[in-house]
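Accompanying notes for the structure given below.
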Amino acid sequence: MKGCKSEATYRAPKGRGKEGQFFWFCLDHVREYNKSYNYFNGMSDDDVLAYQRDAITGHRPTSPIGVRGRQARAARNAWTGMVDDTFGLFGGQDPHPAPEAETRRISAADRHAFEILGLEPGASKEAIKSRYKTLVKRHHPDANQGDRSSEDRLRSIINAYNMLRRAGYC
Ligand SMILES: [Zn+2]
């Protein structure tokens, strides 16, 4: 990002027709870019619909009728191995997102924030909010006779929660 002095260690796709090409940003700017990134820019409504329909079947030929089990699974695995869904382009459409794709796009910092709250990475909005409330009550200095260590713990809980909120997890 022009004028930004931070080290650009995060990559973002340039867009449709430029698959495999990336911009490099710092963490703040990659988040900003991802928020405004729209893969469907310039596509007609019909094209977008066709694309989303394909995304549901995974942009792969549907398995011939009667092919089940190992063979079908192998076909699917071959396909999922090809897709880099780091930016969750298919997240909203795929009814069976691969779990590894789900966790891979959570940054290390956000992952750590989940850990501080004692949650699995990518826990739901509701889970985050309710865990946050519980922890704040539990570690509030008033509930711990002003114990300093619980004050520190409370501070890290609040920081973790704010980080997840800024990242849009809750
Ligand atoms: Zn930057």
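The values are calculated or read from the model by the stated rules, or taken from the named source; none is laboratory data. Predicted model only: the values in this text are computed from it and were never measured. Backbone-built Cβ (ideal geometry, glycine too); neighbour counts: all protein chains shown.
Residues that are at pLDDT below 90 and either part of a loop (DSSP other than H, G, I, E, B) or under 15 Å from the mean Cα position of the chain (by Cα) (or both) within the range 14-26 comprise K14, G15, R16, G17, K18, E19, G20, Q21, listed in sequence order. Among the residues of the range 1-20, the ones that are surrounded by fewer than 11 Cβ atoms within 10 Å (Cβ to Cβ) and more than 9 Å from the ligand (Cβ to nearest atom) come to 6 in all.
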